[in-house]
Amino acid sequence: MSHYPPKVAAAVVIANMIGTGVFTSLGFQLIDIQSAPVIMALWLIGGVSALCGALSYAELGAALPRSGGEYHFLTDIYHPCAGFISGWVSATVGFAAPSALAALTFGSYLSSSGVGADPLWLATLAIIALTAAHCSTRRHSGNTQTLFTVLKLTLIVVFSLAALVFSPTERQATFLWGEEASALLGSGAFAVSLIYVNYAYSGWNAATYISGELAAPQKSLPWVLGISTTIVAALYCLLNFVFLSVAPIDEVVGKVEVGIIVAEFAFGKKIGSAMGLLLALLLISTISAMILAGPRVLHRIGQDYPRFAPIARENKDGIPINAILLQSGTALLFLWTASFEQILIFSGATMALNTFATVLGLFVLRWQRPQLSRPFSVTLYPITPLIFLAITGWTLTYIVLQRPIEALISAAIVASGGFFYWLVTATAPRTQ
């Protein structure tokens, strides 16, 4: 069976991270925080948290090198029930819902650029076309992902530099730190805004979903996760600096299509609308990466639980086509039935809970199996994973306090995963 080279894994990580969040969440953050330096602090802290999480996952992935991401880690470290719930979360909220959001944003940006088509149908077409590409061969799948990711990085850098150079107005925001910024730092609004930021950074763990299909995963995975996350954090800070510098805050507050608004202020309405086409192209690689990585969790569930064996069916190149089709079908269901903002918040909270349990598992694994071979040990242990746990735990606490409805939806998803695990194991034994 062929393997994905490290560059494909890096492309999956970068493409999973740079998607809907960074191009839509600023408008929601500005509702409660209209301070440019605090917004930049949000993205910097989010980047530090993501890097700490990525390094922690790198140790887990090198010590337990098998595809499946959190499903594999939590099954091995805690209990099969924890792994099943994590897989349930990843398959529904972790990949299918963000795929739908990314596809809908793609459709909205493309429609705003002058394409005379309904955004919902454009989003549907994108999911179907990319699903077909990833159901073919590993080589075709990997080349598709690498191509769109390189295109994405190039367009982001070109867009950012051009917007700063050609914007006809002076900088719209001031980035000097003052008393107002200090008061907002650490507030409840700051914590809730971190959910949007963490959602934008989610995806740094994507390479662990295909680690069993990588060439030399124990050596390549730490580099892939660390370097990819650092690149994305730098690009996120650049993009938000550009957004805040070019467009007036009042024009962006509460808006979803932040990129188009900024492009229109930088280049004029006609050229700015055309930029919607380029920004839409950025989101293709995000949808593609989620369709590539996410079904590996369903694939593992199909291998481990006889009742779900059909999900594990592969084509002749080893690609789990049934799992891909199931996840894409779920994404289409979200696309046609769900609202944007609420899904963003509860899916961000649920994924944060998933990663929190996994990074906590790093301590459990070291305690349970100190003799386990660890080709990579997380830098500055235990400080690095503790930073991630502190930031993530803080934001989850404020979600419960300030967004109880979304917190209840997240809890219901976790509980439903536990129910299905009980249903499956009560009637059929799990394979060993």
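Only the coordinates and a few stated rules stand behind these numbers; no lab work does. Every value quoted in this text rests on a predicted model; they were computed, and no experiment measured them. For neighbour counting, all protein chains shown are included, and Cβ atoms are generated from backbone atoms with ideal geometry for every residue, glycine included.
Worth a mention:
- Check: the range 302-432 dipole with +1 on Lys, Arg Cβ and -1 on Asp, Glu Cβ, in debye: 400
- Relative pair counts by distance (%), Cα atoms of the chain, 20 Å bins: 28, 60, 12, 0
- The chain: calculated mean residue ellipticity at 222 nm from DSSP helix runs of at least 4, using -39500 (n - 2.57): -25000 deg cm²/dmol
- Relative exposure of Cys135, Cys52, judged by other C-beta atoms within 10 Å (fewest first): Cys135, Cys52
- Dipole of the chain, positive direction: furthest Cα of Thr384, Thr229, Pro65, with charges on the beta-carbon: Pro65
- The GNM of the chain, with springs linking C-alpha atoms under 10 angstrom apart, assigns the highest mean-square fluctuation among Ile195, Ile345, Ile271 to Ile271.
- Exposure proxy order (Cβ contacts within 10 Å, fewest to most) of Ser273, Ser86, Ser111: Ser273, Ser111, Ser86
- Computed magnitude of the charge dipole of the range 6-422 (debye, nearest 20; Cβ of K, R +1, Cβ of D, E -1): 1200
- For the range 269-333, with +1 on Lys and Arg beta carbons and -1 on Asp and Glu, the positive-most of Leu278, Met290, Ser328 along the dipole: Leu278
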